[in-house]
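Below is one structure, written out as structure tokens, with a few remarks after it.
Coordinate-derived values only; no laboratory data. Since the structure is predicted, the reported quantities are computational estimates derived from the model, not experimental observations. When we count neighbours, we look across all protein chains shown, and the Cβ atoms used for this are built from the backbone with ideal geometry, even at glycine.
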Amino acid sequence: MTEKRILVSTDNNALSTFKKDVTDVCDRSNELITLFHAFQKWERIKTIEAAEELMSDPQKAFDAAIVRNVQVTASGLTVDPEQAALLFNVSRSEFLNLCAGLSIPDDSQCVPCQQVKIRKGKRVISLNEFNRYRDYLTFTTAGIFTVNTEAVDNSLDKFSTYATTSEEIERYALFNDLVQMLNRWDAVYPLSGSDKLEVKKIFGLHLSRGGEGDFMINPITLTKAVQSIKYQ
């Protein structure tokens, strides 16, 4: 048997912020991958694990790509990523500066800098930021992230308050009955503007036209009333 529930209110501001944050994390994740690809041509991010390693430490991931692909051998010595980048004209310092949110001079000769989308003054996404919304993203075979709309839609209920128990539904009905009764009373025995404002204040209601009009339920008041039962 399906549980009866009545929608009390939805925090639309929080819901919109959540959707915006998911999209922003998706975009920033893809921007970092694009940045990595633009500044070195050897390796591509093909798995979510590789993407996570890049987010965790962009410098480490970038230097590792240089070391793996620069063919320099010297007995007993290891490749210095910074020197190798200079030797093979890889814009390593510019990549690191962009990752850190630092600006690149307008007269810079850095070609990759002109090919990527840059959020001036903002660091690239971190693994911690990504992990907050990872359940709402999908890493595709194309090597990019997309928003998992089904996962997002399935989580939207957390921004709504429902009356589900008999006590909560009774409280919900009480507010509706109160508003209906006050409006019926006002239709027969009109209340003055000052009286309406006083009644509005006493019961925590709204009026349809500011300080006049019909009485309406205040979603905040009703939500608090239902939640006082839900979380007591």
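Working note: 222 nm ellipticity from helices only, DSSP H runs with n ≥ 4, each -39,500 (n - 2.57), summed and divided by the residues of the chain, gives -16500 deg cm²/dmol to the nearest 500.
How large, in Å, is the chain by the Kirkwood hydrodynamic radius built from its alpha-carbon pairs?
Kirkwood hydrodynamic radius for the chain: 22.7 Å.
Taking Lys and Arg as +1 and Asp and Glu as -1, the other residues whose beta-carbon sits under 11 Å from that of Ala142 total +2. Tell me which of Asn69, Thr221, Thr23 sits at the most positive position along the dipole axis of the chain, charges placed on C-beta atoms (Lys, Arg +1; Asp, Glu -1). So the residue we want is Thr221. State, as an integer percentage, the relative contact order of the range 11-154 based on alpha-carbon contacts under 8 Å between residues 6 or more apart. Computed value for the range 11-154: 32 percent relative contact order. When only the Cβ of Lys, Arg, Asp and Glu is charged (+1, +1, -1, -1), the dipole of the chain relative to its Cα centre reaches about 140 debye. Over the range 1-133, the alpha carbon radius of gyration divided by the compact-protein estimate 2.2 N^0.38 Å works out to 1.42. Close amide H pairs (under 5 Å, H built 1.01 Å from N) link Asn218 with His206, residues at least 5 positions away or on another chain. Comparing mean-square fluctuations of Ser126, Ser108, Ser91 from a GNM of the chain with C-alpha springs under 10 Å, the top value falls on Ser108.
Once the mean of 1/r is taken over each pair of separate Cα atoms and inverted, the range 165-230 shows a Kirkwood hydrodynamic radius of 12.3 Å. Between Asp135 and Glu150, the simple spin-label model (points 7 angstrom out along Cα→Cβ) gives 1.6 nm. Scanning the chain for chymotrypsin sites (Phe, Trp or Tyr not before Pro) that sit in a DSSP loop and have at most 15 other Cβ atoms within 10 Å, the longest stretch containing none of them is 89-230. Each listed q (0.23, 0.27, 0.28 Å⁻¹) maps to a log10 I(q)/I(0) for the range 101-170 from the Debye sum over equal C-alpha point scatterers, namely -1.08, -1.19, -1.22. For Ile118, the shell of other residues with beta-carbons less than 14 Å away shows a net charge of +2, using +1 for Lys and Arg and -1 for Asp and Glu.
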